[in-house]
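What follows is one structure encoded as structure tokens, with my remarks underneath.
The values are calculated or read from the model by the stated rules, or taken from the named source; none is laboratory data. Source: prediction; values computed, not measured. As a convention, Cβ positions derive from the backbone with ideal geometry for all residues, glycine included, and neighbour counts pool all protein chains shown. Remember, those area values only see protein heavy atoms, side chains included, never the ligands or the DNA or RNA. Shrake-Rupley method; radii C 1.70, N 1.55, O 1.52, S 1.80 Å.
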Amino acid sequence: MAEEEDNRVAHPRAVFDLINAEPQEHAFLEALSRGRLHHAWLLCGAEGVGKATFAYRAARYLMGHERDRGYGMLGMSPEDADARLITAQSHPDLLVLEREEKDGKTRKNITVDAVREVGEFFSKAPSRSAYRVCIVDAVDDLNINSANALLKILEEPPERGILFLISHSPGKLLPTIRSRCRRLGFSPWDDALVHRFVESRTELPEETLERLVVMAKGSPGRALRLWEDGALEMDELAAKLLSKTPPSRFELLPLMTLFKTNNSKIDGPKKFSQFINALSERVRDQALSADVPSRGKMWSELWTRLNVVLPETEGVNLDRGEYFWSIIKEIRAIN
């Protein structure tokens, strides 16, 4: 994601505004004021609903000094020295764990070696702040070895150390990890809030904006990522394929090549995933609005198959180009 200079898609570390998280911030402040601040907070909810933004806001509040309630309950001044260090990713008392990049590609998991660094990090006293803070974004990216390494840290809470574990799928985590954390849930936003959020950061025409809000499913962060990644193009393609005048095979051939390509310039798997997700939503709408029961059943069956396309192509490395063409044939048979 872009850095602070692009406010539309700013990284959570550079977001100072309070964004739809008043109950969570109140719960955190209440625990802090009572001297019962838990050492590990599990931040749960769909991707893009503000969990990481909350984690960085809480970290700034614990580590900084210049409070600014104009930015909400956990508001800190952007000019605070510690806040500036956090934004610059150079604060000595903050450690952030994310999937690392290797050879230009992001790893599938957070490694056990990276988690072991957390133990080393918490073995030292804070150097300039009241607390040392670690943000794991996301804890879902741990493999079994790194999850067990994290569990050992949770079992021996660090003094003056706080962990924020971001999870998009908490049900998949080890029960022992969940049981050792204070849980804060983040719900999907309603469409009106997502609409205002995206509208304030883009200059999209209303029709496009409304479609983006539908695709976001209550996640403002997802809406901005979809827009930034060009997912609207794949949604337009899905709409054309379902229209009465779909593109010809000749026009679709370049897409087969696109979906099969995967290099530093073209991420075919990502584009294919965007296309399948957009098409699935539109096919679902077709099934619900069909005026003939038999056609509704055919659209419903196609929608069911689309829901397993991505796991199948990723799991056994099927040819995405050929899979794309088989989907086109099914659509034409129904239309």
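Only bridges with both residues in the chain count here: give the DSSP antiparallel percent, nearest 5.
On the way: 4 of 25 bridges.
Expressed as a percentage, antiparallel bridges in the chain total about 15.
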Counting only other residues whose beta carbon sits under 12 Å from that of residue 38, what net charge do I get with K and R as +1, D and E as -1?
+4
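Could you tell me which of rounded, prolate or oblate describes segment 233-335, using a ≥ b ≥ c as the square roots of the eigenvalues of the alpha-carbon gyration tensor, with rounded for a/c under 1.5 and, failing that, prolate when a/b is larger than b/c and oblate otherwise? Write down the numbers at each step before the final one.
Details: a/c = 2.12, a/b = 1.58, b/c = 1.34.
Prolate.
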Gap separating the Cα centres of segment 292-311 and segment 134-158, nearest whole Å
39
Kindly identify the chain as rounded, prolate or oblate by the Cα gyration tensor criterion: order the square roots of the eigenvalues as a ≥ b ≥ c, call it rounded if a/c is under 1.5, otherwise compare a/b with b/c, prolate if a/b is larger, else oblate.
prolate
Backbone N under 17 Å from the residue 335 label point (7 Å along Cα→Cβ), restricted to segment 248-262
248-256
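Skip the ligands, DNA and RNA, and give the accessible area per residue of segment 184-313 with a 1.4 Å probe, whole Å². Write out the running numbers ahead of the final one.
Numbers: 7040 Å² over 130 residues.
Averaged over the residues of segment 184-313, the accessible area is 54 Å².
Relative contact order of the chain: what whole-number percent is it, with Cα pairs under 8 angstrom and at least 6 residues apart?
Details: 458 pairs, mean separation 54.1, N = 335.
Normalised by residue count, the contact order of the chain is 16 percent.
Please compare each pair in 108/244; 51/240; 51/124; 217/297 to a cut-off of 32 Å on the Cα-Cα distance and tell me which ones are over it. Could the numbers behind the result be given before it?
On the way: 108/244 41 Å; 51/240 36 Å; 51/124 27 Å; 217/297 25 Å.
Pairs exceeding the cut-off: 108/244; 51/240.
Rounded, prolate or oblate: which one fits segment 95-237, using the alpha carbon gyration tensor with axes a ≥ b ≥ c (rounded when a/c is under 1.5, else prolate when a/b beats b/c, else oblate)?
Working: a/c = 2.33, a/b = 2.06, b/c = 1.13.
It comes out prolate by the Cα gyration axes.
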In nm, give the distance between the simple-model label positions of residue 107 and residue 191, each being 7 Å from the Cα along the Cα-to-Cβ direction.
4.1
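Can you sort 38, 26 by 1.4 Å-probe accessible area, starting with the largest?
Numbers: 38 60, 26 100 Å².
Highest to lowest solvent-accessible surface, that is 26, 38.
Would you calculate, for the chain, the mean residue ellipticity at 222 nm contributed by helices, counting each DSSP H stretch of 4 or more residues as -39,500 (n - 2.57) and dividing by all residues, to the nearest 500? All intermediate terms of the calculation are to be shown ahead of the outcome.
Values: 15 runs with 170 residues, N = 335.
Computed mean residue ellipticity for the chain: -15500 deg cm²/dmol.
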With a 10 Å cut-off between alpha carbons and a GNM built on the chain, which of 321, 45, 64 moves the most?
321
Sticking with the crude label model, points 7 Å out along Cα→Cβ, report the distance from residue 155 to residue 253 in nm, one decimal please.
6.1
Only Cα pairs within less than 10 Å get springs; with that Gaussian network setup on the chain, which residue of 290, 114, 81 has the largest fluctuation?
290
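Please give the net charge around residue 173, taking every other residue with its beta carbon less than 12 angstrom from that of residue 173, where Lys and Arg add +1 and Asp and Glu add -1.
Numbers: positive: 172, 178, 180, 183; negative: 140, 141.
So the environment of residue 173 carries a net charge of +2.
Among 177-183, 327-333, how do they line up by average Cβ neighbours within 10 Å per residue, starting with the highest?
Values: 177-183: 17.0, 327-333: 13.6.
In decreasing order of mean packing, 177-183, 327-333 become 177-183, 327-333.
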Computed FRET efficiency, Cβ-Cβ of residue 81 and residue 266, R0 56 Å: what is it to the nearest 0.05?
0.85
Peptides ranked, highest mean first, by Cβ atoms within 10 Å: ranges 94-100, 135-141:
135-141, 94-100
Mind checking which of 18, 258, 163 has the largest fluctuation in a GNM of the chain, springs on alpha carbons under 10 Å?
258
With labels modelled as points extended 7 Å from the Cα through the Cβ direction, what inter-label distance (nm, one decimal) is found for residue 295 paired with residue 318?
2.7
Once neighbouring chains are kept in place and the probe is 1.4 Å, which whole percent of the accessible area of segment 236-323 is contributed by carbon and sulfur?
55
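Sort 227, 325, 299 from largest to smallest accessible area, using a 1.4 Å probe on the heavy atoms of the protein chains.
Working: 227 65, 325 25, 299 5 Å².
If we order 227, 325, 299 from most to least accessible, we get 227, 325, 299.
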Considering only protein heavy atoms, what is the solvent-accessible area of residue 257 at a probe of 1.4 Å, reported in Å² to the nearest 10?
90
